[in-house]
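The values are calculated or read from the model by the stated rules, or taken from the named source; none is laboratory data. This is a predicted model, so every value here is computed, not measured. Here the Cβ positions follow ideal geometry from the backbone for every residue, glycine too, while neighbour counts run over all protein chains shown.
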Amino acid sequence: MVEQAAERWRIAGSGPDCDLLRLAVTRDLMHSLHAEKSRFLSKGQREEASKMKAYEKKIEEIRSSAPLSAQLQDILSGTSALKKRTRLLPEALFGVLSREKFERYDRQWEAALASEANQIGWDFFGLEAKLEIQKIDEWNKRLTERLWPNGIVLFVESISLESEKDSMPATWHGRWIVVIKPQFQNSQLLSTDLNNWPGTQMPVTWKLLFSPKNR
């Protein structure tokens, strides 16, 4: 898992988007390691789980550090030091996305990604879609892969509309909060392409939520 993440980290390069993309790579690695640690613990393999914990501790330091110019293996091995940096979210963002969405304990990585995206001028979008329940994971994975490296999914939330209660129980209505590079906004992905994906039950809608002032 670390080797795969290290390759994606390397490909992220050294441009203005580098730190944001590398934060996203590290978030994915953290989720994978956490799942692996849980699997070890469920089998009583505590020694293996403790190795995962050591990686997690080092990865947590990446979340509050910048610039992320060294290679991932060097950071994890301790041969490259990290510099602390406080990442803050603009107050204006909380006018469209509540502060609570980012202050949840399980969204510390998403808050860091949002802060970095704002810093480099990426826009915040909301994508709404109604999907067949059995297609949600596949659809989400496809969206994540299609956006990269021009967009990053921060988090997904369920939408429950009054008109939808007790109707179409085999479908799920959700919203993806996404940050997108400005030059990517007019792509086909933001128009009709997603409507043709398996599992899509109604036209997908995109809404610009927030644009950084420092762009």
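Just a few scattered comments:
- Considering the stretch 60-130, the qualifying helices (runs of 4 or more DSSP H), each wholly inside and each with 2 or more residues that are crowded, with 18+ Cβ neighbours inside 10 Å and in contact (Cβ under 8 Å) with a residue 40 or more places away in the chain, run over 72-77, 108-120.
- When 112, 81, 70 are checked against the criterion of being within 16 Å of the chain's Cα centre (by Cα), under 20 Å from residue 14 (Cβ atoms) and not charged (D, E, K, R), a single residue qualifies: 112.
- Condition check for residue 190 on (1) at pLDDT below 90; (2) surrounded by 11 or more Cβ atoms within 10 Å (Cβ to Cβ); (3) of a type in the set (A, V, I, L, M); (4) within 16 Å of residue 133 (Cβ to Cβ): one failure, at (4).
- Whichever residue in the stretch 2-56 is outside any helix (DSSP H, G or I) and either on the phi < 0 side of the Ramachandran plot or of a type in the set (Phe, Trp, Tyr) (or both) and, among such residues, is modelled with the highest pLDDT: 17
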